[in-house]
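Accompanying notes for the structure given below.
Read-outs: derived from the displayed coordinates by stated rules, not from any lab. Predicted model only: the values in this text are computed from it and were never measured. Neighbour counts run over all protein chains shown; Cβ positions are idealised from the backbone, glycine included.
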Amino acid sequence: MPVTAVIGGQWGDEGKGKIIDYLSCDADIVARFQGGSNAGHTIQIKDKEIILHQIPSGILRKSITCILGNGMVIDPVNLVREIKDVETIGINTTGRLFLSLNAHIVTPIHKFLDAYWENKAGNRAIGTTKRGIGPAYTDKIKRCGIRVRDLKNRENLREKVQNQLDYLKLLDNISNEDIEGIQKELEPFFESCEQIKHLAADTFSIIHKHIENGSNILLEGAQGTLLDIDHGSYPFVTSSNTISGNICAGLGISPKDIDKIIGVFKAYNTRVGAGPFPTEQLNEYGEYLQQKGYEFGATTRRKRRCGWFDAELARFAVKVNGVDYIALTKLDVLDELDEIKICTHYENGRYPEVYLEDAKPVYISLPGWKKSIKQIKEFDKLPAETINYIKKIEELLSVPIKIVSTGKEREEIIFID
Ligand code: IMP
């Protein structure tokens, strides 16, 4: 494996958690490099469903060290809750979870501001997860953020939070109730900071030592390529770079250290939140995908918007991330369809030149396989129509598909040699 990155190729929710879980069976480290508790990785182990928002999915395997990198924005309150959740299913996190000293901290003020700016935006709202991500990254860029290393000095931390609160009071229409509401959340926030401060570590040195030792390292992307702040469907994006190019900045490693990049793509497209979605199906197909795929946001439980696989955008994702091979997920969701469409390109131009709001998708139609593929363990045993669908996507993207996920369970996966 040595250093392998797993990146979302669409608008997030591609099923990266399951692929990381699968690949992590022989990993030594799993590290995240961007985002925060806006992410939600759902993993099904037997009858247990686990949703991880900040802790890398690798935590579920007992020998793995997990790192939250400097490029992340960490929510202490949610992190404490997540650690508890993981520990209630019998997984010990002691000595296995480290936070970069330079990662930024999400405060209750950031969460308030996230909702405040969304409400002000009216019909231009992004549809954020309201986890404070945008405001925390804004403070980072404004150079007034709070970092994990600041948790060690209690007085200093309180002063920095007070500065954020003072700034907030200068905004329009902030009521006394708003301030009181935030103040109520501050004590549990400071308490959580106390509880996680011992996890702060020099993650730069930890990772580099492992690179030098030739350890197996997995780099876990969150969200997806089209939510990237520079390369996605701006302004309807998240506030970090989600593409592989940000791995180096978000963990402090060199591009030369990364050996392999796996792009995870769902067999159809989904998006949660506002913004353009050229292949969206506001009809019975979209409804079918939403229901059969149980497409609800893992963080907000909002219904995901659904549509056909968009090869134009996927080709862009392959290029911008330098994808070596693809993991195609949730293929079983298409089991009952008579016909399945793929958008091969846009009639009116290429992404990113074409404005996504104006994109006119051109489709091809492929026959469905009309049977369950969940129990199939070998590629050659898949129905001819399923193989045809996989091969068509490979041909359109010019990249091999090496992993196919055929269900929620850990075992429902096929590796193609
Ligand atoms: P934020 O990251 O909470 O600021 O939200 C910005 C946009 O990214 C919104 O459309 C969210 O729905 C979307 N988003 C953020 N995180 C995820 C994710 O993990 N999966 C899917 N969409 C996400």
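Couple of notes before you dig in:
- Between residue 215 and residue 119, residue separation times 0.36 nm minus the direct Cα-Cα distance comes to 29.9 nm.
- Crossing angle, helix 203-212 versus the chain [Cα axis fit, 0-90 degrees, rounded to tens]: 40 degrees
- Dividing the mean sequence gap of close Cα pairs (under 8 Å, 6+ apart) by how many residues the chain holds gives a relative contact order of 20 percent.
- Point-charge dipole on Cβ atoms (K/R +1, D/E -1) for region 1-93, about Cα centre, debye to 20: 100 debye
- In nm, spacing of pseudo-spin labels at residue 324 and residue 371 (7 Å Cα→C-beta vector): 3.5 nm
- On Cα atoms only, tilt of 76-88 relative to the major axis of the chain in degrees: 60 degrees
- Convex hull volume of the Cα atoms of the chain, normalised per residue: 139 Å³.
- Between 249, 103, 136, the residue with the greatest mean-square fluctuation in the GNM of the chain (Cα pairs under 10 Å linked by springs) is 249.
- Ratio Rg/Rh, restricted to region 266-415 and using Cα atoms, in which Rh is the Kirkwood radius: 0.94
- Among 226, 382, 97: highest mean-square fluctuation, GNM of the chain, C-alpha pairs under 10 Å: 382
- Positive-end residue, region 104-197 charge dipole about Cα centroid, Cβ charges, pick of 196, 126, 141: 141
- Counting neighbouring Cβ atoms within 10 Å and putting the fewest first, the residues 345, 198, 41 line up as 198, 345, 41.
- Contact order relative to length of region 266-415, as percent, for alpha carbon pairs under 8 angstrom and 6 or more apart: 24 percent
- Summary of the geometry: region 60-138 and region 210-235, compared by the centres of their Cα atoms, lie 16 Å apart.
- Length available on full extension from residue 336 to residue 143: 0.36 nm per residue minus the Cα-Cα distance, which gives 64.3 nm.
- Proxy reagent accessibility, fewest Cβ within 10 Å first, across 129, 300: 300, 129
- Cα-based Rg and Dmax for region 104-197, where Dmax is the largest Cα-Cα distance (Å): 13.3, 42
- Separation of region 146-186 and region 365-417, taken as the distance between their Cα centroids, equals 50 angstrom.
- Residues 184, 330, 292, sorted so that the one with the fewest Cβ neighbours within 10 Å comes first: 184, 292, 330
- From the C-alpha gyration tensor of region 177-308, square roots of 5λ in Å: 32, 27, 14
- Between the helical axis of 154-169 and the longest alpha-carbon principal axis of the chain there is an angle of about 70 degrees.
- Computed label-point distance, nm, for sites residue 296 and residue 381 using a 7 Å Cα→Cβ extension: 3.3 nm
- Dipole in debye (nearest 20) - the chain, about Cα centre, beta carbon charges: Lys, Arg +1; Asp, Glu -1: 480 debye
- Per-peptide average of other Cβ atoms within 10 Å, ordering 81-91, 169-179 highest first: 81-91, 169-179
- Extension gain, residue 249-residue 91: 0.36 nm per intervening residue step, less the Cα-Cα distance, totals 53.9 nm.
- Across the options 246, 323, 389, the greatest Cα extent toward the positive end of the charge dipole of the chain (unit charges at beta carbon of Lys, Arg, Asp, Glu) belongs to 246.
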